[in-house]
């Protein structure tokens with residue numbers, strides 16, 4: 001039984017929105033490691049957080065960098081807002097420059113591109129492998145399908161995987177609405193050699209994963225072990241999560257603001273608010289603790305950039 005958890009200061013006199021989302025990531029990482037020393041923390045986008053002043057030539061924020069085990073980029077070559085839409089050279093080059101920082105600090109880079117055209121899919125895999133990124137191409141922008149092209153998992157790995165440092169491929173599929181049951185998904189994944197699977201702690205908002213089910217998912221087709229991570233939005237709230245109450249529609253709590261215009265069901269929040277923080281970590285009923293108790297190997301933390309850009313744009 002872990003005692004009272006002491007976290008970093010999260011409500012400074014003058015808000016620094018990037019710093020505050022970093023504090024949240026660091027606290028989630030520290031708290032999760034109380035229960036699992038090998039627990040993996042992967043952050044989606046938010047690459048500007050790698051330095052203290054959010055500048056490419058700035059000083060690396062070692063406090064933050066030491067707490068994360070992977071950087072995920074959502075749409076480096078294609079997508080993510082539109083399937084098969086190429087990312088501009090300028091945007092891609094800028095992101096690649098940022099990723100030099102993560103590479104220099106031994107943080108693996110995971111990339112999900114979005115295409116269902118074989119030529120573009122192969123181009124994406126080739127470009128990302130040449131950069132030593134860990135590649136995946138989703139065939140729809142909702143991440144609901146397992147690609148059937150190529151026929152086998154790209155960059156397949158015969159070894160068991162317990163750390164992102166030796167992970168060679170992955171699948172991002174937090175939305176399992178195409179599957180009637182967890183059993184159906186487990187049966188499909190038994191025939192796949194993905195090193196890492198990113199799903200949701202709550203299967204289709206109906207039931208949570210048991211340790212036995214997760215243990216089944218952790219076996220690759222070749223018999224080796226793999227990691228299973230849980231999706232977790234920390235910079236925005238979702239209206240289908242355990243912390244959401246019906247009364248929020250009429251009487252929103254102080255931390256809850258307007259709905260994201262681009263993503264239905266996601267809401268902008270004061271992520272530095274203590275009530276929101278308590279939902280995320282620090283107690284036995286918190287999101288992080290639910291995920292560690294279930295038996296997941298780590299978390300994929302989402303909506304960092306959406307969180308801090310919302311508040312910075314309101315200045």
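Quick rundown of the values:
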{"read-out": "Selection count where residues are within 20 Å of residue 280 (Cα to Cα) and assigned to a loop (DSSP other than H, G, I, E, B), scope segment 32-65", "value": "9"}
{"read-out": "Check on residue 77, surrounded by 16 or more Cβ atoms within 10 Å (Cβ to Cβ), touching a helix residue (DSSP H, G or I) at 6+ places or on another chain (Cβ under 6 Å) and modelled with pLDDT of 95 or more", "value": "yes"}
{"read-out": "Which listed residue, of 279, 296, is touching a helix residue (DSSP H, G or I) at 6+ places or on another chain (Cβ under 9 Å), part of a helix (DSSP H, G or I), surrounded by 16 or more Cβ atoms within 10 Å (Cβ to Cβ) and in contact (Cβ under 8 Å) with a residue 24 or more places away in the chain", "value": "279"}
{"read-out": "Flag if residue 155 is out of contact with any strand residue (DSSP E or B) (no Cβ under 6 Å at 6 or more places or on another chain) and more than 22 Å from residue 108 (Cα to Cα)", "value": "no"}
{"read-out": "Every residue from segment 240-275 that is closer than 16 Å to residue 307 by Cα, touching a helix residue (DSSP H, G or I) at 6+ places or on another chain (Cβ under 9 Å) and surrounded by 13 or more Cβ atoms within 10 Å (Cβ to Cβ)", "value": "255, 256, 257, 260, 263, 266, 267, 268, 269, 270, 271, 272"}
{"read-out": "Any chance residue 164 is touching a strand residue (DSSP E or B) at 6+ places or on another chain (Cβ under 7 Å), farther than 27 Å from residue 207 by Cβ and at pLDDT 95 or above", "value": "yes"}
{"read-out": "Options 143, 155: the member that is under 18 Å from residue 42 (Cβ atoms), assigned to a loop (DSSP other than H, G, I, E, B) and in contact with a helix residue (DSSP H, G or I) (Cβ under 7 Å, 6 or more places away or on another chain)", "value": "155"}
{"read-out": "Restricting segment 158-179 to residues that are in a loop (DSSP other than H, G, I, E, B) and free of Cβ contacts under 8 Å to residues at least 40 places away in the same chain, the residue that is surrounded by the most Cβ atoms within 10 Å (Cβ to Cβ)", "value": "173"}
{"read-out": "Odd one out for residue 18, checked against (1) part of a helix (DSSP H, G or I); (2) at pLDDT below 95", "value": "(2)"}
{"read-out": "Filtered residues of segment 180-191 (kept if part of a loop (DSSP other than H, G, I, E, B) and either under 21 Å from the mean Cα position of the chain (by Cα) or over 27 Å from residue 108 (Cα atoms) (or both))", "value": "180, 181"}
{"read-out": "Residue identified as part of a helix (DSSP H, G or I), modelled with pLDDT of 95 or more and touching a strand residue (DSSP E or B) at 6+ places or on another chain (Cβ under 6 Å) among 136, 125, 23", "value": "125"}
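The values are calculated or read from the model by the stated rules, or taken from the named source; none is laboratory data. Bear in mind the structure is a predicted one, so any value in this text is a computation, not a measurement. FYI the Cβ positions are ideal-geometry reconstructions off the backbone, even for glycines, and counts take in every protein chain you see.
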